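The values are calculated or read from the model by the stated rules, or taken from the named source; none is laboratory data. From a predicted model like this one, the values you see are computed outputs, not experimental measurements. Cβ placement follows ideal geometry from the backbone for every residue including glycine, while neighbour counts extend to all protein chains displayed.
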């Protein structure tokens, strides 16, 4: 972690000879100082590998701003057939949080935001319940209550999308949000919606995973942070972790232990995403920690 | 975890034949229903072992209340030379939290209290800074600012003790409280003050443990929840945990990772303590998880 | 862990008032010294709970031998409707190991046996390949090669059963044995066959779990030690653990990491089983660690 | 992990603009195909940072052999003031193992060697006891018994050094070798001797760490793989891990749990070292996992 302003270049392209040389050569040519860089070849012996990279360049070392960086890098990226993005550490990401009634992930995220550990903007919190309004508003963050029922799902999620867009949200975080998004929401914000699922996927997909885990008698329970796609609980996994339980733990105990893992896994996964450390590839992720 | 009212008997005595029979026989004689029970012999082959136990009895199964339980059990305890206590799950423990400026443990504890995961009373929060007043008061919890400097330490801690006593505190939690308690405070509340230290003790005692860990180049960092005694960072350890770091992590990264471990370890250690799961023995603890 | 000779009583019965008092009272009456004891009520608030227990009694403290212990305890057990067994720490368990070609679990188990960490007899090793004969025989352990193909499965497993019976085996350990047991084997030795499965069950049941895990892009892989039943990979779980991987790990890397988890989980699960720490209940286990 | 032949370039130099460009440019110029590459700036905002790198290049992609690679890269390295080495995946590292009486690490290493998980040569095993001769020789590996007492320490270690040199050893592994090396041995093979210490350093330096851990009442115990220097247990840490214990664990239990951690940590640390993934920097390591 460094605190000087920097630009992050993250992307992927077909593997071939000379990729790093081309990209780092471009940066060196402009006297760019590389603070951190990571590379990964997906399947280096196959001949059909894809190459992933993430590079942080000190902003002050470059003779131009981010727009000019983008313009000048474009031919290089085109030559390499790269999917890429460039971001500026000085421009805070805008994270909209969706919650229901459970507060543990919300408290955790707001504590990280309050202490600037997560250096983001939270333009608003959206909820299908009104329960957490006071807590959110005390922090000076707007709170929108959008009731969601079986008969108004499409309209309700249209409102969620309107609020997200109005807030210029970059990322939508489902912080134990207990409603399944409509396909339209999923399709509108690909790789921009992050969920925390309360099981170690692919075990215990769907509802009541702790009950399922209790029935099966597993000795560890977990949580999974993943991108949301139209397939429920099937999106690319960003981060996971587990905690040990034993026969003396009831479902309620498992729920309690699980909350701690959920908070930690969501916070780590969200941070990776916000720092452009997560690159997707099909249904998998490359995470440059 | 069960939610019916129960009494918890926790204690220890010299090891000998028939302890469990004597205690469980007493309970069975009164038709007491044992919900959970744990036993431990400290050094069972030595001939000088100490015996530890913790028993939860369903309150409604007994024909008398907790005071009568206490009266009737007294002769048994005397016969066994037992140090013991009896507590009532219906009587919430009163936990006074001491904080400085860092908010992560406070947010974490208040989230657990808010959701009733920690079923306690928090009669007040005491701090040597005024920074967290608003957050605490928003929760309806009184906040006391007691400035502490080098020249008023004794007086300031006398005030802390006065506030704790006035609040009828059972347990004092140092939730990243950055002042060293006076010997008088330590002596007044033995086994009632819980600290979270930001290292995996006994490594990195004292100030700036993450800087020490960075210098030494360790590959895991940790946190330790322990009882406070007059010897700094030397009290009996209740709970510990670690998290993996690597060469790319700066001291700031370690501080950030460390917070997550601190929160989790403090919450677990505090819960064990509040549920009378921790029995001390010299400078060590028996923790009946 | 203690090294004095002791008897272990392990069993379960319907929950009611006075179970511990009855059992520990019986032991105390005969001056039995309890070294270690554990109790668990499966569902203590339901009214239909089952009660589990495991008690170690110092052999020398009792005025009779294990047969007399068994005789005298029988009426108590009958009264409590208990399923129970009594074992003698001086009588080594006889563990027959089944392997295929992979050696990591075998090396690990023989190292533990050689150093007396696992204080067992290994009357023989059985394999469907001849590859590990030399290593086993060097340790002075008989090695039986029983080729198993699609056309001789029933006969081959009849031979395995004959060898196991001839060896007076107590427990059969599948130490990465790559053949599915016939239903007859499963039915003949209930709760006496232990397998190590190379995934964190219930994820990735069946063949090539590491390939499945690679496809799904999970961030942790695991292993599961379980009792073998006629349902493939569905038996009661004894022990599990996981290890972190990331995008840079190939299937081969996962196989390699997985071996370390497999060895550790099998060794722990087997130890719990051999020390009568595992009690089954439907498709779940109580493990008194 | 890949199995095609490759060269590994590993080194460090003062940080400045253009390092990656210069090195990867050199490789690209010769059509070198990069399989894997890692970079790290020690302290990127200080102006006095050191830059670390490790690059794997597919051997068949280059028009010359490793000697010519070395010759041609020399001017680049000189220009960058780089400390570097170049190794060939086809040339197996020669690992000499030193043991005493405890076998667990030896069994573990030989199992990994036997299965080619560790693709190394083991030219000999050296021990101050004769106990493990048969096991080692069964594997076709020469075994040298060099008795070491207080009165022959210097001569004995001179013999160890002679045997190591005669075996053309690259790396010396102390696999629970219970003798302290003489300063001369330490000085002769800097960063080539790897030890496994049975505690989570810096806690519990020196003798009987598990006894120390038992006395202190810690809740996790660990092991540390580190380079050996003249300062006992103070060398740069390569890898560490821990395992949870509790009040019921005796010193003997801790020894047993500890063995599992020792094996795993030694195997991981050794692998990192053999794959040139470990770069030292003062008393710390950069480990490119």
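Observations on the model:
- Residue within the range D:59-72 that is modelled with pLDDT of 95 or more, within 10 Å of chain A (Cβ to nearest Cβ) and either over 24 Å from residue D:170 (Cβ atoms) or surrounded by 18 or more Cβ atoms within 10 Å (Cβ to Cβ) (or both) present: yes
- All of B:134, B:140, B:149 fail the test of being at pLDDT below 95, loosely packed, with under 15 Cβ neighbours inside 10 Å and more than 16 Å from the chain's Cα centre (by Cα), apart from B:149.
- All conditions in (1) modelled with pLDDT of 95 or more; (2) farther than 24 Å from residue A:42 by Cβ hold for residue D:47, with the sole exception of (1).
- Test: residue B:116 is free of Cβ contacts under 8 Å to residues at least 12 places away in the same chain, over 23 Å from residue B:282 (Cβ atoms), under 22 Å from the mean Cα position of the chain (by Cα) and within 14 Å of chain A (Cβ to nearest Cβ): yes
- Within the range C:154-187, being touching a helix residue (DSSP H, G or I) at 6+ places or on another chain (Cβ under 6 Å) and either at positive phi or modelled with pLDDT under 95 (or both) holds for one residue alone: C:176.
Residues checked against (1) surrounded by fewer than 24 Cβ atoms within 10 Å (Cβ to Cβ); (2) modelled with pLDDT under 95:
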{"site": "B:189", "(1), (2)": "yes, no"}
{"site": "B:225", "(1), (2)": "no, no"}
{"site": "B:233", "(1), (2)": "yes, yes"}
{"site": "B:284", "(1), (2)": "yes, no"}
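- Boolean, residue A:229 is without any contact (Cβ under 8 Å) to a residue 60 or more places away in the chain, buried (at least 24 other Cβ atoms within 10 Å of the Cβ) and under 14 Å from the mean Cα position of the chain (by Cα): no
One line per residue, one yes/no per condition, for (1) in a loop (DSSP other than H, G, I, E, B); (2) in contact with a strand residue (DSSP E or B) (Cβ under 6 Å, 6 or more places away or on another chain); (3) not assigned by TED's automatic domain parsing to the domain that holds residue C:261:
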position	(1), (2), (3)
C:102	yes, no, no
C:108	no, no, no
C:113	no, no, no
C:126	no, yes, no
C:129	yes, no, no
C:135	no, no, no
C:150	yes, no, no
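Results for (1) in contact with a strand residue (DSSP E or B) (Cβ under 8 Å, 6 or more places away or on another chain); (2) touching a residue at least 60 places away in the same chain (Cβ under 8 Å), shown as yes or no for each residue.
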position: C:7; (1), (2): yes, yes
position: C:51; (1), (2): yes, no
position: C:54; (1), (2): yes, yes
position: C:66; (1), (2): yes, no
position: C:78; (1), (2): no, no
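- The set of residues in the range B:43-73 that are in a strand (DSSP E or B) and under 18 Å from residue B:19 (Cα atoms) comprises B:50, B:51, B:52, B:53, B:54, B:55, B:56, B:57.
- Residues being touching a residue at least 24 places away in the same chain (Cβ under 8 Å) and either assigned to a loop (DSSP other than H, G, I, E, B) or within 13 Å of chain C (Cβ to nearest Cβ) (or both) - total across the range A:203-216: 4
- Considering the range D:235-267, and only residues there that are more than 26 Å from the chain's Cα centre (by Cα) and in a loop (DSSP other than H, G, I, E, B), the residue that is farthest from the other protein chains (Cβ to nearest Cβ) turns out to be D:245.
- Per-region count, the range A:1-14, residues at the interface with chain D (Cβ under 10 Å from one of its Cβ atoms) and either crowded, with 21+ Cβ neighbours inside 10 Å or assigned to a strand (DSSP E or B) (or both): 1
- Picking from residues in the range A:17-41 that are at the interface with another protein chain (Cβ under 8 Å from one of its Cβ atoms) and in a loop (DSSP other than H, G, I, E, B), the one that is surrounded by the fewest Cβ atoms within 10 Å (Cβ to Cβ) is A:31.
- So residue D:45, is it farther than 14 Å from residue D:281 by Cα, within 9 Å of another protein chain (Cβ to nearest Cβ) and touching a strand residue (DSSP E or B) at 6+ places or on another chain (Cβ under 6 Å): no
- Looking only at the range D:80-97, and only at residues there that are in contact (Cβ under 8 Å) with a residue 40 or more places away in the chain, out of contact with any helix residue (DSSP H, G or I) (no Cβ under 7 Å at 6 or more places or on another chain) and under 30 Å from residue C:103 (Cα atoms), the one that is surrounded by the most Cβ atoms within 10 Å (Cβ to Cβ): D:95
- Tallying residues that are surrounded by fewer than 23 Cβ atoms within 10 Å (Cβ to Cβ), over 12 Å from the mean Cα position of the chain (by Cα) and either within 14 Å of chain C (Cβ to nearest Cβ) or within 17 Å of residue A:142 (Cβ to Cβ) (or both) within the range A:161-176 yields 7.
- The test for being under 23 Å from residue D:277 (Cα atoms), within 17 Å of the chain's Cα centre (by Cα) and modelled with pLDDT of 95 or more holds for residue D:96.
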